[in-house]
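All of the numbers you see were taken from the coordinates with simple rules; none came from a lab. Not measured: the values here are computed from a predicted model. Cβ atoms come from the backbone with ideal geometry, glycine included; neighbour counts cover every protein chain shown.
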């Protein structure tokens, strides 16, 4: 996983750091799907989206991760066993 900081320019443009562009093989003119979920913004290269079903599943996964981060930040996180975690995922 790569972690970097960037800033938004005057016209709303955001620079994707070179290391990430190279790793993902992103080229100039690349199109992105932008997902806004609460305070989170997720950029997904449009050529990496294989199906609507996969995108739907990815969004659900992101919502679960976001919920867990919020629980951790609020000190409400509880450890669960693998079977319990998988059962919860199925319920989503």
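Scanning segment 16-57 for residues that are in contact with a strand residue (DSSP E or B) (Cβ under 9 Å, 6 or more places away or on another chain), surrounded by 12 or more Cβ atoms within 10 Å (Cβ to Cβ) and in a loop (DSSP other than H, G, I, E, B) returns 16, 26, 30, 49.
When you scan segment 58-78, do you find a residue that is in a loop (DSSP other than H, G, I, E, B), out of contact with any helix residue (DSSP H, G or I) (no Cβ under 6 Å at 6 or more places or on another chain) and surrounded by 10 or more Cβ atoms within 10 Å (Cβ to Cβ), even just one?
No, segment 58-78 contains no residue that is in a loop (DSSP other than H, G, I, E, B), out of contact with any helix residue (DSSP H, G or I) (no Cβ under 6 Å at 6 or more places or on another chain) and surrounded by 10 or more Cβ atoms within 10 Å (Cβ to Cβ).
None of 41, 16, 60 is under 15 Å from the mean Cα position of the chain (by Cα) and farther than 30 Å from residue 90 by Cα except 16.
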